[in-house]
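Enquirer: Have a look at the structure that comes next, please.
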Amino acid sequence: MDLTIEDLKCQTALNYDKELCHCKKVSYRTIYKEIIENKLSTVESIAKKTGASTGCGGCVNRIESLIEYVKKNNYEPLP
């Protein structure tokens with residue numbers, strides 16, 4: 001399922017601590033922080049830092065959407 005930026009905003013607006021990667025137990029907050037701090041731009045670079053997407057791979061679309069979300073928000077930190 002492809003997520004739009006608006007879908008991602010709805011999913012994470014209330015709780016950035018929600019798990020993005022269920023296999024590796026990695027939250028949206030953890031991945032968001034790594035993207036900002038290290039200017040990550042690929043699923044592979046996030047996988048190296050967090051382990052996310054290295055299990056079943058079901059979170060790849062969510063990670064890609066989060067990368068785009070962070071980019072569109074100019075790498076702004078979480079509130």
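The values are calculated or read from the model by the stated rules, or taken from the named source; none is laboratory data. Everything numeric here is computed off the predicted structure, so don't read it as measured data. Here the Cβ positions follow ideal geometry from the backbone for every residue, glycine too, while neighbour counts run over all protein chains shown. For the accessible areas, the whole protein counts, side chains as well, though only heavy atoms, and no ligand, DNA or RNA atoms are used. Shrake-Rupley method; radii C 1.70, N 1.55, O 1.52, S 1.80 Å.
Enquirer: Give me the pairs, please: first residue somewhere in region 57-79 and more than 10 Å from Ile36 (Cβ to Cβ), second residue anywhere and of a type in the set (Gly, Ala, Ser) and part of a helix (DSSP H, G or I), beta-carbon distance under 9 Å, and either six or more positions apart or on two chains.
Expert: Qualifying pairs under 9 Å: Ile63/Ala47.
Enquirer: Select from region 24-43 the residues that are among the charged types (D, E, K, R) and under 12 Å from the mean Cα position of the chain (by Cα) and list them in ascending order. Before the answer, list the steps.
Expert: Quick first cut of region 24-43, residues among the charged types (D, E, K, R) only: 24-25, 29, 33-34, 37, 39.
Answer for region 24-43, where residues must be among the charged types (D, E, K, R) and under 12 Å from the mean Cα position of the chain (by Cα): Arg29, Lys33, Glu34.
Enquirer: Do any helices (runs of 4 or more DSSP H) lying entirely in region 26-78 carry at least 3 residues that are closer than 15 Å to Tyr16 by Cα, and which ones are they?
Expert: Working: elements: 28-38, 43-50, 60-72.
Fully inside region 26-78 and qualifying: 28-38, 60-72.
Enquirer: Out of all the residues in region 42-57, which are open to solvent by 60 Å² or more (accessible area, probe 1.4 Å) and among the polar types (S, T, N, Q)? Break it down into steps so the answer makes sense when it comes.
Expert: Residues of region 42-57 that are open to solvent by 60 Å² or more (accessible area, probe 1.4 Å), as a first pass: 44, 48-49, 54, 56.
Once the filter is applied, which keeps residues that are open to solvent by 60 Å² or more (accessible area, probe 1.4 Å) and among the polar types (S, T, N, Q), region 42-57 yields only Thr54.
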